[in-house]
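Structure record follows, encoded as structure tokens.
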Ligand SMILES: NC(=O)c1ccc[n+]([C@@H]2O[C@H](COP(=O)([O-])OP(=O)(O)OC[C@H]3O[C@@H](n4cnc5c(N)ncnc54)[C@H](OP(=O)(O)O)[C@@H]3O)[C@@H](O)[C@H]2O)c1
């Protein structure tokens, strides 16, 4: 590749953090983009910007203005709007685009999963008698479960919310991943949880609760991933470095 790459990395995930580290180690000019959902975004070893771009047009303008050569979408698999915008904006601005993705979680023999298509289907599935439910969904989707007020919900947020969730019965833990299996098993036990509801994020940053649920024999209501537009998908930092025209040196891959 002739021109030096200038990367915009759409982040907010454990995988994006690992990729930022690899980009820094290879002295690749790159900026990490956060949506600004949390009050204290994790520091990064590359430049950081925070906040939405203003839709497809805003992102395309950002790419042009900052002479970005490569757009790497390492957002969460459920960040469907951002990922769709990235595909269109990169095409508009003539910028190379790839998604840095992780495989979906697959059930193991001992798992007791019920799969549903989306949040609305998860809410539907919670009709019935009162249960103690770990709602491992993040702040944005919790209010949808106000339609099922008979349950006690265990919530885990990165930041304490400004206003309490719109649920009659809940316990709130403020903590930031990645989480460990022993701690998650204790959390599920301590709160006497009998159902875990979560999105099929994949990756290692949030998988501990699934292993803990398996160990405790608990059922899981697993929300499938949204369908995204076709795009080039890369699965490790080394693949991204190669795509950027850098020889991937050994020993620098961390956490992916
Ligand atoms: N959804 C999840 O379950 C989940 C879980 C863990 C982490 N995250 C992270 O949280 C962030 C927001 O996720 P979401 O599900 O709210 O996204 P989303 O619904 O797909 O995006 C909504 C809007 O937020 C802005 N946005 C999203 N990601 C951005 C980024 N990395 N940099 C700048 N702007 C961004 C964009 O605003 P404009 O249209 O104004 O550009 C986008 O249109 C992402 O960085 C994602 O990786 C999401």
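The values are calculated or read from the model by the stated rules, or taken from the named source; none is laboratory data. Given the structure is predicted, the values throughout are model-derived calculations rather than measurements. Using ideal geometry, Cβ is built from the backbone for each residue, glycine included, and neighbour counts are taken over all protein chains shown.
Here is the figure for the stretch 117-151: residues that are surrounded by fewer than 19 Cβ atoms within 10 Å (Cβ to Cβ) and assigned to a strand (DSSP E or B) total 1. Evaluate the stretch 67-78: report whether one residue or more is surrounded by fewer than 21 Cβ atoms within 10 Å (Cβ to Cβ), under 22 Å from residue 242 (Cβ atoms) and at pLDDT below 95. Checked the stretch 67-78: no residue is surrounded by fewer than 21 Cβ atoms within 10 Å (Cβ to Cβ), under 22 Å from residue 242 (Cβ atoms) and at pLDDT below 95.
Assigned by TED's automatic domain parsing to the domain that holds residue 239, within 15 Å of the chain's Cα centre (by Cα) and at pLDDT 95 or above - does that describe any residue in the stretch 42-65? No, the stretch 42-65 contains no residue that is assigned by TED's automatic domain parsing to the domain that holds residue 239, within 15 Å of the chain's Cα centre (by Cα) and at pLDDT 95 or above.
Only a single item in (1) within 30 Å of residue 217 (Cα to Cα); (2) buried (at least 19 other Cβ atoms within 10 Å of the Cβ) is not met by residue 89, and it is number (1). Residues in the stretch 168-184 that are crowded, with 19+ Cβ neighbours inside 10 Å and either modelled with pLDDT of 95 or more or not assigned by TED's automatic domain parsing to the domain that holds residue 144 (or both): 184 only. Being surrounded by fewer than 17 Cβ atoms within 10 Å (Cβ to Cβ) and either over 28 Å from residue 135 (Cα atoms) or over 20 Å from the mean Cα position of the chain (by Cα) (or both) is a property that does not hold for residue 246.
Annotation note: of 110, 98, the sole residue that is more than 24 Å from residue 4 (Cα to Cα), in contact with a helix residue (DSSP H, G or I) (Cβ under 9 Å, 6 or more places away or on another chain) and in contact (Cβ under 8 Å) with a residue 40 or more places away in the chain is 110. Here residue 158 meets the list (1) within 11 Å of the ligand (Cβ to nearest atom); (2) buried (at least 19 other Cβ atoms within 10 Å of the Cβ); (3) under 16 Å from the mean Cα position of the chain (by Cα) almost entirely, failing just condition (2). Just give me the residues in the stretch 18-27 being at negative phi and either assigned to a strand (DSSP E or B) or away from the ligand (no atom under 13 Å from the Cβ) (or both), in sequence order. 18, 21, 22, 23, 24, 25, 26 - these are the residues of the stretch 18-27 that are at negative phi and either assigned to a strand (DSSP E or B) or away from the ligand (no atom under 13 Å from the Cβ) (or both). The residue of the stretch 195-236 that is farthest from the chain's Cα centre (by Cα), among those that are surrounded by 16 or more Cβ atoms within 10 Å (Cβ to Cβ) and farther than 28 Å from residue 19 by Cβ, is 218. Those strands (runs of 3 or more DSSP E) of the stretch 166-256 in which 1 or more residues are under 28 Å from residue 99 (Cβ atoms) occupy 195-199, 219-223. Inside the stretch 28-80, residues that are more than 7 Å from the ligand (Cβ to nearest atom) and under 12 Å from residue 7 (Cβ atoms) make up a count of 17.
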